[in-house]
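Trainee: My structure is below; once you've seen it, I'll send some questions.
Nothing in this text is a laboratory measurement; each read-out follows from the coordinates by a stated rule. Values in this document were obtained by computation on a predicted structure and should not be read as measured data. A quick note on method: Cβ atoms are made from the backbone with ideal geometry, for glycine too, and the neighbour counts reach across all protein chains shown.
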Amino acid sequence: MDYFLTEEQQMIVDTARQITEERIVPHRAELDEKHEFPRAILNDMAKADLFALPIPEEFGGFGGGCLNIVLALEQIGRGCVGIGTAFAASALGIYPILISGSQEMKDKYLPSVASGEKFAAFGLTEANAGSDASGIQTTAVLDGDEWVLNGTKQWITNGGEAQIYTVVAMTDRSKGARGASMFVVEEGDPGFSCGPKEKKMGIRASSTTELIFKDCRIPKDRLIGRQGTGFITVMKTLDSSRPGIAALGVGLAQGALDVAAAYAKQRVQFGKPIIAFQAVQHMLADMAIAVEASRALVYQAAKHIDAHPKDMSKVSSMCKVFATDSAMKVTTDAVQILAGYGFMSEYPVEKMMRDAKILQIYEGTNQIQRNVIGQELNKEYAK
Ligand code: COS
């Protein structure tokens, strides 16, 4: 379907697609099998200016814009959601600075992330605080000119690979969500370390570790925004990043459909290619509908966010739910069409199905997204 992209938007698609075809697709199986971080590929993505996409021009970026990043992530997701996750998590890591950071903080951190010289990561989740984001236990206490952080973050993408970490900690537990604040922690800060890499079902090219703070001392000016505004910054960050996860889902589902349709044309059973059988055609038709409907919703949600940045929660959650639930269904059906071959790691669809699962879980489970949508509807219909 023609989405009438501008010349600049088409250039972003073409650049991301070329890197996906030339650099990601040939290596994705090996990186997945070895649980290997795709540093060389990410460096090539940086050379192609893809890390500049979420960052405004004044900080060396391409200008920001939700649709631009969505277009790139769709193409990368078509190749490998593990690599896409490592890439997207760097944008996620700098959103708190973009949203709430001071001019000095933006000047200090954004240019090196835009150039891809440094990677970023976002530290919210803890062992006992997943969906309940305000239930975090990590604390930050001001001691003279320094903040002292204590606690452990769990399942942090780009852990051990990033140089810049935006981290949420409680500065006043008695105030609940209003007692959370955000900080920048840098690789090498005293008292900060990362745990070993987690072993995962999917997205194995991405790195996932704990972030451990033991009397971690950081300068006072690493507080992002004002004390007590951390939870709001987290919510706005996730509102901004969820369309990117939706876009990874669109790309992943398209990739699975491509493999399934090509296979169905060449696989002969009962004397005919299996695409000639209506049972298979109907599965492919439903997959194609799901892919196109997801793409249309994700692009439109991104355009809405670019035009109305203060009104993004509902559309952001809607596109995340729809595109990632669709990706799970489409990749599962792709395995079904390839059947026994689909179950073997020699074909890419089993990896795609494993990778799809996390899209329904991270950056807020799809159940939490439905809560967000429901609460927004509750407000709208009260008017
Ligand atoms: N934008 C701006 N402000 C927001 C907001 C948003 N999208 N969502 C909530 N807020 C504000 C509320 O208005 C409220 O402000 P006041 O204190 O002034 O009333 C405050 O934040 C607390 O909101 P709420 O009471 O709704 O918070 P809850 O603790 O009930 O949590 C959910 C709300 C469940 C939506 C939140 O915890 C969440 O998003 N959880 C999922 C976290 C997640 O995605 N984790 C994945 C790991 S990160 S990769």
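Trainee: For the peptides 88-101, 115-128, 235-248, what is the packing order when you average, over each peptide's residues, the other Cβ atoms within 10 Å and list the highest mean first? Write out the running numbers ahead of the final one.
Mentor: Details: 88-101: 24.9, 115-128: 21.1, 235-248: 26.6.
Result, highest mean Cβ count within 10 Å first: 235-248, 88-101, 115-128.
Trainee: Computed from the mean reciprocal separation of all distinct C-alpha pairs, what Kirkwood hydrodynamic radius does segment 62-123 have, in Å? Could the numbers behind the result be given before it?
Mentor: On the way: mean 1/r = 0.0813 Å⁻¹.
Its Kirkwood hydrodynamic radius stands at 12.3 Å.
Trainee: Give me the Debye-computed log₁₀ of I(q)/I(0) at q = 0.13 Å⁻¹ for segment 216-317, equal point scatterers on Cα only, no solvent, two decimals.
Mentor: -0.65
Trainee: Can you tell me the alpha carbon radius of gyration of segment 27-181 divided by the globular rule-of-thumb value 2.2 N^0.38 Å?
Mentor: Working: Rg = 16.7 Å, N = 155, 2.2 N^0.38 = 15.0 Å.
Against the compact-globule rule of thumb, the ratio is 1.11.
Trainee: Mind putting together the pair-distance distribution for segment 100-182? All Cα pairs, 10 Å bins, whole percent per bin, short to long.
Mentor: So the P(r) values, bin by bin, are 17, 42, 34, 7, 0.
Trainee: While we're here: So for each of 42-49, 189-196 I average, over its residues, the number of other beta carbons within 10 Å; can you give me the resulting order with the highest mean first? Don't skip to the end; give the middle numbers.
Mentor: Values: 42-49: 17.9, 189-196: 15.4.
Order by mean packing, descending: 42-49, 189-196.
Trainee: A further question follows. Can you compute the charge dipole magnitude of segment 142-222 about its Cα centre, using +1 on each Lys and Arg Cβ and -1 on each Asp and Glu Cβ, nothing else charged? Give it in debye, rounded to the nearest 20.
Mentor: Details: 12 positive and 12 negative charges, 100 e Å.
Around 480 debye, computed over segment 142-222.
Trainee: Further, regarding this structure: Which of the residue pairs Lys199/Lys236; Lys108/Lys200; Lys153/Lys200 have a Cα-Cα distance greater than 22 Å in the structure shown?
Mentor: Cα-Cα > 22 Å for Lys199/Lys236; Lys108/Lys200; rest within.
Trainee: How much net charge surrounds Val315 when only other residues with a Cβ under 10 Å from its Cβ are counted (Lys, Arg +1; Asp, Glu -1)?
Mentor: Numbers: positive: Arg242, Lys303, Lys314, Lys320; negative: Asp239, Asp311, Glu376.
Here the charged neighbours net out to +1.
Trainee: Percentage of Cα-Cα pair distances in segment 161-206 greater than 12 Å, rounded to whole percent?
Mentor: Tail fraction, whole percent: 71.
Trainee: Taking the Cα atoms only, what angle lies between the long axis of helix 278-307 and the longest principal axis of the chain, rounded to 10 degrees?
Mentor: Approximately 30 degrees, to the nearest ten.
Trainee: Wrap a convex hull around the Cα atoms of segment 320-377, take a quarter of its surface area, and give that in square nanometres.
Mentor: The Cα convex hull of segment 320-377, projected and averaged over all directions, gives 4.0 nm².
Trainee: Looking at segment 137-271, I'd like the Rg to Rh ratio, where Rg is from alpha-carbon atoms and Rh is Kirkwood's inverse mean 1/r. Provide the component values of the computation, followed by the final result.
Mentor: On the way: Rg = 20.7 Å, Rh = 17.4 Å.
With Rh from the inverse mean 1/r over Cα pairs, Rg/Rh is 1.19.
Trainee: OK, next. Could you tally the net charge around Leu73, taking each other residue with its Cβ under 13 Å from the Cβ of Leu73, Lys/Arg +1 and Asp/Glu -1? Before the final figure, lay out each step's value.
Mentor: Working: positive: Arg17, Arg78, Arg242, Arg295, Lys320; negative: Glu74, Glu363.
Once positives and negatives cancel, what remains is +3.
Trainee: Give the peptides 308-314, 53-59 in descending order of average Cβ contacts within 10 Å, highest first. Mind dumping the intermediate values first?
Mentor: Working: 308-314: 14.9, 53-59: 19.6.
The most tightly packed comes first, giving 53-59, 308-314.
Trainee: Taking 1 over the mean of 1/r across every pair of different Cα atoms in the chain, what Kirkwood radius in Å do you get?
Mentor: 21.2
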